[in-house]
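Here is the structure we will look at, set down as structure tokens.
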Amino acid sequence: AGRPGRSDRHSGGSAIVAGLPEAQAKLARCCTPVPPDAVTGFAVRGGYVTVHRAACSAVTRMAAAGREAVPVGWGESAGCRVTLVAEAFGRPRLLADLTDAIATAGAAIVSATVEPPSEQRVRHTYTLRLADAAELPALMRAMRQVAGVYDVARA
């Protein structure tokens, strides 16, 4: 392990690269790791290391292909970006109530997608920015408490 690499500036994460001192970390979009997730990294072109949750299916595929993991860890928490999927029964004001719950919890909405209802069920996908990853469980609980919502999970 060398000296820590630079933290990811683009995603608001706080991953640091321990094994490649000059590499810059980028958080993987496939699994959106946030502290305190167990993470691993893989060197990619351009001097970057992509940081994945250890349980990400992409990690399994890369390891099976013989790619060598790079040790990574979390620095001080400096906020995070996470994608959540809310499954709910469709009803009037559902979108308003979910975005209100997100705002009340202190998260900023970066993007939102609502899929058309299918058999009275609807899926909302939100990419959110949190000031601190420790706020994620409370945010997910607040979203689950919205009437009609039966599941909230990380994408």
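Please work out if Cys56 is of a type outside the set (S, T, N, Q), under 25 Å from Ala134 (Cα atoms), crowded, with 16+ Cβ neighbours inside 10 Å and in contact with a Gly (Cβ under 9 Å, 6 or more places away or on another chain). No.
Table: residues versus (1) part of a loop (DSSP other than H, G, I, E, B); (2) not basic (Lys, Arg).
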{"site": "Arg29", "(1), (2)": "yes, no"}
{"site": "Pro35", "(1), (2)": "yes, yes"}
{"site": "Ala43", "(1), (2)": "no, yes"}
{"site": "Gly46", "(1), (2)": "yes, yes"}
{"site": "Val51", "(1), (2)": "no, yes"}
{"site": "Thr60", "(1), (2)": "no, yes"}
{"site": "Ala63", "(1), (2)": "no, yes"}
{"site": "Arg67", "(1), (2)": "yes, no"}
{"site": "Gly73", "(1), (2)": "no, yes"}
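A count restricted to region 98-116 and to residues that are open to solvent by 50 Å² or more (accessible area, probe 1.4 Å) and touching a residue at least 40 places away in the same chain (Cβ under 8 Å) stands at 0. Among the candidates Arg129, Arg81, the residue that is at pLDDT below 95, open to solvent by 20 Å² or more (accessible area, probe 1.4 Å), assigned to a strand (DSSP E or B) and touching a Ser or Thr at 6+ places or on another chain (Cβ under 8 Å) is uniquely Arg81. When you check Ala65 against the structure, is it modelled with pLDDT of 85 or more and more than 28 Å from Ala153 (Cβ to Cβ), yes or no? Criteria not met by Ala65. Given the criteria at pLDDT below 95, surrounded by 14 or more Cβ atoms within 10 Å (Cβ to Cβ), over 23 Å from Pro35 (Cβ atoms) and out of contact with any helix residue (DSSP H, G or I) (no Cβ under 8 Å at 6 or more places or on another chain), does Gly90 qualify? The answer is yes for Gly90.
The values are calculated or read from the model by the stated rules, or taken from the named source; none is laboratory data. Worth saying up front: this structure is predicted, and the values here are computed from it rather than measured. Cβ: placed from backbone, ideal geometry, glycine included. Neighbour counts: every protein chain shown. What goes into the accessible areas is simple: the full protein's heavy atoms, side chains included, and nothing from ligands, DNA or RNA. Shrake-Rupley method; radii C 1.70, N 1.55, O 1.52, S 1.80 Å.
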